[in-house]
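Undergrad: The following block contains the structure, expressed as structure tokens.
The values are calculated or read from the model by the stated rules, or taken from the named source; none is laboratory data. Just so it is clear, the model here is predicted, and its values are computed rather than measured. Note that each Cβ is placed from the backbone with ideal geometry, even for glycine, and that neighbours are counted across all protein chains shown. Quick note on the areas: whole protein, heavy atoms, side chains included, nothing else; ligands and nucleic acids left out. Shrake-Rupley method; radii C 1.70, N 1.55, O 1.52, S 1.80 Å.
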Amino acid sequence: MDISTGRAFTRNFLGQSPNWYKLTLLGFLVVNPLLFFFVSPFLAGWLLVAEFIFTLAMALKCYPLLPGGLLALEAIVIGMASAEQVKEELANNLEVLLLLIFMVAGIHFMRQLLLFVFTRLLLTIRSKMVLGLAFCLAAAFLSAFLDALTVVAVVLSVAAGFYDIYHRVLSEGDEHAESEDINHDARRETLEKFRSFLRSLMMQAGVGTALGGVMTMVGEPQNLIIAKAAGWDFVQFFLRMAPVTVPVLICGLITSMLLERFRLFGYGEPLPEKVREILMNYDLESRQKRTRQDRLNLWIQGAIAVWLIVALALHLAEVGLIGLSVIILATSLCGVTDEHVIGRAFSEALPFTALLTVFFAIVAVIVQQDLFSPLIHFVLQAEANMQLTWFYVFNGLLSSISDNVFVGTVYINEAKNAFTRGEISLQQFELLAVATNTGTNLPSVATPNGQAAFLFMLTSALAPLIRLSYGRMVWMALPYTFVLSLVGLLCIMYALEPMTLWMMAHGWLPPLAL
């Protein structure tokens, strides 16, 4: 049956999103120009920021690129920001775009190695406490050098593969045994335990990406933005963050062990022995089928991983260009020559790259309308130590409901502008940069909206299979949210400045220019 043009447009507009969401966005698009032209450009700008944060918070209803992009386009059309200002923001953050495009694609060609590492961890370690700690620590280490989304994608692939193996073996079992109520109940119980086991491992890996991602300039996209604004290289960024990130990492790992040991907040379920037997048999068959070429590829990818770490640590080139070198080496040495296969590697990063471009368009509105000037003025009126606290708290609160890249970009730009105007010293600006970075990365584990890796995990095909819902994810992240946020705040207040001065006195960091 044919439908009217109006109904067809309604169905096409934002696709499968709920009708209330579509009407809300249309209301935004109608109100914005009226408020901008007839009431106050300043209020219209703040409303636009609130609307954009709303689209990020509702990411499960519709990918934010679509509604956020419509809001950004309208803002440019009505004059909230100019296309030239957006271009300037993009030019200033070209390194971040290159990071997302090339580094994520480069790591795609090293998945075979990463899958091998996580598979060996899962099948070798029998203690659930040690296994949870190993997953958390491995994800933290990898996320310090690789993109967190890629690390989570690999762990998802491992977990989904194991779930599929167990489910397939279960469905191919003895039909007569399957019909027995007792056996059926036992299998269902085993399946629920396996789901709980996989949920806890996924959350451990997700938290690990946050713990490691905050430590280096390539751990998260906003880290690179902050590092560029402060003029820090890879090593200096790590040292600047260390007074906060090292204690947070230690406390995060201790939290991981306690949760697994005492089976709190949904953690602690071990891998059922029946499932372990199935997975071990499958892994043995896979290793026997592995050819000499496959084994050589693993060694090659391991060597490329060493090159990646060394190149980043010595800052041999821009991060995105190092990622491009990984693509070239991994494809040419591992026999990947088909254009379509190479193209699939870029499909993971490009949607978020486009969304990040929309972020910068909203940032252009903030800059052109001076939206954050009153807030920054309020913060800068406080004493120096309280400025750090306020920056950390404001970044943390916003990042827990919004995207941390957007929040980090806004705040570091405002801090840089305050330094340029002479309102704060260089030392204070650098300390504020640390507060901004840690504020956007640590409290944001509270919800999937704040951590892109969590959101990616929640929207994956595996999430419904292991019963990982939004509410359950928030509940399982709650102890980490409390520990990471509180330890980070205490370090900002009491450890950051004295430890930074100590490293300067001992030559670890360059002294302040007079």
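Undergrad: Hey, E269 hits all of (1) surrounded by fewer than 22 Cβ atoms within 10 Å (Cβ to Cβ); (2) assigned to a helix (DSSP H, G or I); (3) not aliphatic (A, V, I, L, M) but one; which does it fall short on?
TA: Only one criterion in (1) surrounded by fewer than 22 Cβ atoms within 10 Å (Cβ to Cβ); (2) assigned to a helix (DSSP H, G or I); (3) not aliphatic (A, V, I, L, M) is unmet by E269, namely (2).
Okay, residues lined up against (1) out of contact with any helix residue (DSSP H, G or I) (no Cβ under 9 Å at 6 or more places or on another chain); (2) open to solvent by less than 20 Å² (accessible area, probe 1.4 Å):
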| position | (1), (2) |
| --- | --- |
| W232 | no, yes |
| T255 | no, yes |
| L259 | no, yes |
| L264 | no, no |
| E277 | yes, no |
| Y282 | no, no |
| Q288 | yes, no |
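Undergrad: Just to be sure before I move on: is F54 of a type in the set (F, W, Y), within 26 Å of the chain's Cα centre (by Cα) and surrounded by 18 or more Cβ atoms within 10 Å (Cβ to Cβ) in the structure I sent? Break it down into steps so the answer makes sense when it comes.
TA: Details: of a type in the set (F, W, Y): yes; within 26 Å of the chain's Cα centre (by Cα): yes; surrounded by 18 or more Cβ atoms within 10 Å (Cβ to Cβ): yes.
The answer is yes for F54.
Undergrad: Would you call S143 in contact (Cβ under 8 Å) with a residue 40 or more places away in the chain, part of a helix (DSSP H, G or I) and touching a Lys or Arg at 6+ places or on another chain (Cβ under 8 Å)?
TA: No; evaluated as a whole, the condition is false for this residue.
Undergrad: Could you tell me which numbered condition Q368 fails, if it satisfies all but one of (1) free of Cβ contacts under 8 Å to residues at least 12 places away in the same chain; (2) open to solvent by 50 Å² or more (accessible area, probe 1.4 Å)?
TA: (1)
Undergrad: Please enumerate the residues belonging to segment 288-319 that are of a type in the set (A, V, I, L, M, F, W, C), free of Cβ contacts under 8 Å to residues at least 12 places away in the same chain and under 18 Å from L115 (Cα atoms).
TA: Residues satisfying the conditions are L296, W299, A303, V306.
Undergrad: Now for a different question. Can you tell me which residue in segment 401-427 is farthest from G213 (Cα to Cα), limited to those that are open to solvent by less than 20 Å² (accessible area, probe 1.4 Å) and not hydrophobic (A, V, I, L, M, F, W, C)?
TA: E414
Undergrad: I'd like the residue in segment 334-365 that is open to solvent by less than 10 Å² (accessible area, probe 1.4 Å) and β-branched (V, I, T) and, out of all such residues, is modelled with the lowest pLDDT.
TA: By that ranking, first place goes to V363.
Undergrad: Any residue in segment 225-250 that is in contact (Cβ under 8 Å) with a residue 12 or more places away in the chain and under 17 Å from Q428 (Cβ atoms) sitting within a Cβ distance under 7 Å of a residue that is surrounded by 24 or more Cβ atoms within 10 Å (Cβ to Cβ) and of a type outside the set (A, V, I, L, M, F, W, C)? List the pairs, counting only those 6 or more apart or interchain.
TA: I226/G408; I226/T436; I226/N437; W232/R240; M241/N437; M241/T438; V244/T438; V244/G488
Undergrad: Please work out which residue is most open to solvent (accessible area, probe 1.4 Å), limiting yourself to segment 371-396 and to residues that are part of a loop (DSSP other than H, G, I, E, B) and either of a type in the set (D, E) or in contact (Cβ under 8 Å) with a residue 12 or more places away in the chain (or both).
TA: E383
Undergrad: Ok, one more. Would you confirm whether or not segment 2-22 contains a residue that is over 14 Å from V365 (Cβ atoms), touching a Phe, Trp or Tyr at 6+ places or on another chain (Cβ under 8 Å) and at pLDDT 85 or above? Quick ask: steps written out before the conclusion?
TA: To start, the set of residues in segment 2-22 that are over 14 Å from V365 (Cβ atoms) comprises 2-22.
Of the ones still in play, those that are also touching a Phe, Trp or Tyr at 6+ places or on another chain (Cβ under 8 Å) are 14, 22.
If we keep only those that are at pLDDT 85 or above too, we end up with 14, 22.
Within segment 2-22, one or more residues are over 14 Å from V365 (Cβ atoms), touching a Phe, Trp or Tyr at 6+ places or on another chain (Cβ under 8 Å) and at pLDDT 85 or above.
Undergrad: Output the residues belonging to segment 19-51 that are among the aromatic types (F, W, Y) and either touching a residue at least 24 places away in the same chain (Cβ under 8 Å) or crowded, with 19+ Cβ neighbours inside 10 Å (or both).
TA: Matches in segment 19-51: Y21, F28, F36, F37, F42, W46.
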